[in-house]
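Novice: Take this structure, written in structure tokens, and hold onto it; I'll ask about it next.
The values are calculated or read from the model by the stated rules, or taken from the named source; none is laboratory data. Since the model is a prediction, treat every value here as computed from it, not as a measurement. Backbone-built Cβ (ideal geometry, glycine too); neighbour counts: all protein chains shown. The accessibility values were calculated without ligands, DNA or RNA, using every heavy atom of the protein model including side chains. Shrake-Rupley method; radii C 1.70, N 1.55, O 1.52, S 1.80 Å.
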Amino acid sequence: MSALAMAVERRPSDSELTIDLSAVAANARTFSSIAGGELMAVVKANGFGHGAVPVARTVLANGATRLGVTTIEEALELRNAGIDAPILSWLNTPDAEFRLAQRRNIAISVPSTTHLAAITASAPGAVVHLHLDTGMARDGAPPDEWAQLCQSARRAELKGLVRVDGVMGHLACAQDPGTHTAQMGRIRFKWGLRVARTAGLRPKDLHLAGTVATVVDPKTHYTMSRIGVGLAGVDPTGSVVLRPALRLVTPIVSTRTVRAGTGVGYDHTWTAPRSTTLGLLPVGYADGLPRSASNRAEVQINGRRCPVVGRISMDMTVVDLGDAVGVGAGTPAIVFGPGAQGEPTVAEWARWSDTIEHEILTGLGPRLHRTVLPDLGVWA
Ligand SMILES: *Cc1c(COP(=O)(O)O)cnc(C)c1O
């Protein structure tokens, strides 16, 4: 729930984002049966836009045993809400609040000897997972620094300064397990585990797979899978039946009839080809509808698809209502939903915006009122 939403009482005329936790619960159960080992639910970026705390509670009741986040701040939000499951935080600068993390029982990923030194100095006794770069060239220790990181971590462990519980990697090209790059990622992780053991470490939590690798490549499962976008109902491989959890509904603010030839919105990127009725929606790119979906996206009004016309602007979007009858100010427009009633989906919005569903989910703005529907249990 955003600060704005708490400060202002919701009116029926507001845009409303509904989060269906029973969908999240179903997805968690699906992934806990697919994953060979434990299920770590990745609830970074406010639970992929679904609300970190409600999503965390839901997945922990439906098969997940751990939580993963980027920053310590994200981990603290979960702890402060009373969640006591194991949490791993994997993206921190060396001057991060490691001591606070350790006091709140938050495990930390270590991508470099610089981070390790900072952790042993400020948070002796911290639980850590060493992070190997398995092909991203992004985070994680580069292979040529790995042996040194493992040896330093083992020395620190012998002095009681850290406890190395895990080793993690992340695959750049998981989609097709047969490709050279996918194979290189797996080989590098296996090699990294050998190096860690040779250094005397005995990590028990070995994790490489995200959503895609978990679905397509059981060889990546090890003892745990880190599942993020899959819990939000997105299967980038298109092979698992999942349930999208979000629905965005917004009311028509006003309608107007325009003559053929009327230019609409900034830069007149759309001109009415005939006389028609336009509807104004009070959502725009500040609310997470990408401007790149202008003149491509659709919404559903009274069961009919209506095209977005002209540029999506910061706060507003115009749709062509055509000759729709019984549509006026206050009529709800479904921007997206699970798709069961023919409404647009987040996947369609991603296509219209030339992006991936992750970006649509995590880009939804704080101005949208959020309503959380509780998980009604296995039989719902
Ligand atoms: C975001 C993230 C995940 C989750 O990835 P999905 O593809 O959304 O399941 C897993 N591991 C790391 C390191 C991540 O940053």
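Novice: Given springs between every Cα pair under 10 Å in a Gaussian network model of the chain, which of A245, A156, A23 has the largest fluctuation?
Specialist: Evaluated over the chain, the most mobile residue of the options is A156.
Novice: How big is the Kirkwood radius of the chain, worked out from every pair of different alpha carbons and given in Å to one decimal?
Specialist: About 22.5 Å, per the Kirkwood formula over Cα pairs.
Novice: Quick check of the Kirkwood formula: for the range 123-185, what is the inverse mean of 1/r over all pairs of different Cα atoms, in Å?
Specialist: Its Kirkwood hydrodynamic radius stands at 12.8 Å.
Novice: Follow-up. How large is Rg/Rh for the range 283-350, to two decimals, with Cα atoms and a Kirkwood Rh?
Specialist: Result for the range 283-350 is an Rg/Rh of 0.94.
Novice: Let me ask you something else. In whole percent, and with a 1.4 Å probe on the protein chains, what portion of the accessible area of the range 175-251 is carbon and sulfur?
Specialist: It is 57 percent, rounded to a whole number.
Novice: What does the accessible area per residue of the chain come to in Å², with a 1.4 Å probe and no ligands, DNA or RNA counted?
Specialist: Accessible area per residue: 44 Å².
Novice: Normalised by the number of residues in the range 201-260, what is the relative contact order in percent for Cα pairs under 8 Å and 6+ residues apart?
Specialist: Over the range 201-260, the number comes to 25 percent.
Novice: Could I ask something else about it? Compute the angle between helix 21-34 and the longest alpha-carbon principal axis of the chain, please, reported from 0 to 90 degrees and rounded to the nearest 10.
Specialist: For helix 21-34, the angle is close to 40 degrees.
Novice: Oh, and also: Residues of the range 116-147 with backbone nitrogen within less than 17 Å of a virtual label 7 Å along the Cα-to-Cβ line of A172, please, listed as ranges.
Specialist: Within reach of a label on A172: 132-146.
Novice: If only Cα atoms are counted, what is the Rg of the range 143-298, and what is its Dmax, in Å?
Specialist: My reading of the Cα-based Rg and Dmax gives 25.8, 79 Å.
Novice: With viscosity set to 0.692 mPa s at 37 °C, what whole-number translational diffusion coefficient in µm²/s follows for the range 214-295 from Stokes-Einstein and a Kirkwood radius over Cα pairs?
Specialist: For these conditions, the coefficient is 193 µm²/s.
Novice: Would you mind checking the tilt of helix 180-198 against the longest principal axis of the Cα atoms of the chain, expressed as 0 to 90 degrees and rounded to 10?
Specialist: Compared with the principal axis, the helix lies near 30 degrees.
Novice: Output the 0 to 90 degree angle, nearest 10, between the alpha-carbon long axis of helix 143-158 and the longest principal axis computed from the alpha carbons of the chain.
Specialist: Result, in degrees: 60.
Novice: Hey, another quick one. Looking at the range 235-309, which trypsin sites (Lys or Arg not before Pro) are DSSP coil and have at most 13 other C-beta atoms within 10 Å of their C-beta?
Specialist: Hits after loop and neighbour filter: R259, R274.
Novice: May I have the pair-distance distribution P(r) for the range 41-125, computed from all Cα-Cα distances with 5 Å bins from 0 and rounded to whole percent?
Specialist: All Cα pairs considered, the percentages come to 3, 16, 29, 22, 15, 9, 5, 1.
Novice: Quick query: amide H of E38 versus all other amide H atoms, modeled in the peptide plane; which residues come in under 5 Å with a sequence gap of 5 or more or a different chain?
Specialist: Amide H neighbours of E38, under 5 Å, 5+ apart: M224, S225.
Novice: Ok, one more. Hey, what's the Cα Rg ratio for the range 60-203 versus the globular rule of thumb, 2.2 N^0.38 Å?
Specialist: 1.05
Novice: Would you grab the residues whose amide H sits under 5 Å from the one on I252? Only those 5+ places off in sequence or on another chain, please, with H modelled 1.01 Å from N.
Specialist: For I252, the qualifying residues are G330, T331, A333.
Novice: Still on this model: Where the only charges are on Cβ atoms (+1 Lys, Arg; -1 Asp, Glu), what is the dipole of the chain about its Cα centre, to the nearest 20 debye?
Specialist: It comes to approximately 700 debye.
Novice: Can you pull out the trypsin sites (Lys or Arg not before Pro) in the range 181-234 whose DSSP state is coil and whose Cβ has at most 10 other Cβ atoms within 10 Å?
Specialist: K204
Novice: So for the range 282-380, averaging the separation of alpha carbon pairs under 8 Å that are six or more residues apart and normalising by length, what relative contact order in percent results?
Specialist: The normalised contact order for the range 282-380 reaches 28 percent.
Novice: Across the range 98-113, in residue order, what do the Karplus-derived ³J(HN,Hα) couplings come to in whole Hz, using 6.51 cos²θ - 1.76 cosθ + 1.60 with θ = phi - 60° and x for Gly and Pro?
Specialist: Those phi angles translate into 5, 5, 4, 4, 5, 4, 9, 6, 10, 6, 10, 7, 10, x, 7, 5 Hz.
Novice: Let me know the Rg and Dmax you get for the range 320-380 when you use only its Cα atoms, in Å.
Specialist: Cα-based Rg and Dmax for the range 320-380 come out at 15.0, 43 Å.
Novice: Let me ask something additional. Report relative contact order for the chain in percent, whole number only (criteria: Cα-Cα under 8 Å, sequence separation at least 6).
Specialist: 19
Novice: Same structure, new question: Rounded to the nearest 5, what is the percent of antiparallel bridges among the DSSP beta bridges in the chain?
Specialist: Restricted to the chain, the bridges split so that about 45 percent are antiparallel.
Novice: Related question: Please compute the length gained on full extension between T237 and L376, using 0.36 nm multiplied by the number of residues separating them and subtracting their Cα-Cα distance.
Specialist: 47.2 nm
Novice: Separate question: Using a Cα-Cα cut-off of under 18 Å, which lysines could be cross-linked to K204, ignoring same-chain neighbours fewer than 8 residues away?
Specialist: Cα-Cα hits under 18 Å: K190, K219.
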